[in-house]
1. With unit charges on the beta carbons (Lys and Arg positive, Asp and Glu negative) and the dipole taken about the Cα centre of the range 36-141, which residue among Thr82, Leu57, Gln70 sits farthest to the positive side?
2. With charges set only on the Cβ (+1 for Lys and Arg, -1 for Asp and Glu), what does the dipole of the range 36-141 come to about its Cα centre, in debye to the nearest 20?
3. What distance in nm separates the simple spin-label points at Glu75 and Gln140, each placed 7 Å from Cα in the Cβ direction?
Amino acid sequence: FGLGQLLAAPQPLGSSTRSSNPHGFHSLSRFSDDTPTTVLPKAVDLEEADRETTNLLVFLLMQFLSRSDQAYPAEDKQSSKTQELVLRHLFLLLGYNSNEKYFQISPYSLRQSSIFNAFIANLPQFLDQNHIMGASVAEQTFL
């Protein structure tokens, strides 16, 4: 849905992100040893370390998703996988487990999260301007 151009190529299966990643950058590839229960505390720690950056990233992603000319459900398999992966990472940052369909953090922690506040602040614009993607996100989170 257009965002795939911005993502780096996935790492090979055999490589470890911890040993080959001296700068602390995290891969968005599917091949990771991390599970939602181990990633969520890292996301909360990241948020405390750099609230403004994570807030801006979620804001920019929501602004991008609100543009119906650029963000639309992908039809080809590779783009669809990339789109699904980006949305899964967004939900993970929000503390939402899309496989089990529940939030893994307390309501208080969720309300205090700058990521959640950026998501909620941009949600009306996103739902108003891009009905197709809005329905896709609403289906996974609101039902």
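Here, each number is a calculation from the coordinates, and none is a lab measurement. Values in this document were obtained by computation on a predicted structure and should not be read as measured data. Methodologically, a virtual Cβ is constructed for each residue, glycine included, from the backbone with ideal geometry; neighbour enumeration extends over all protein chains shown.
1. In the range 36-141, that residue is Thr82.
2. Details: 8 positive and 12 negative charges, 29 e Å.
The calculated dipole for the range 36-141 is roughly 140 debye.
3. 2.2
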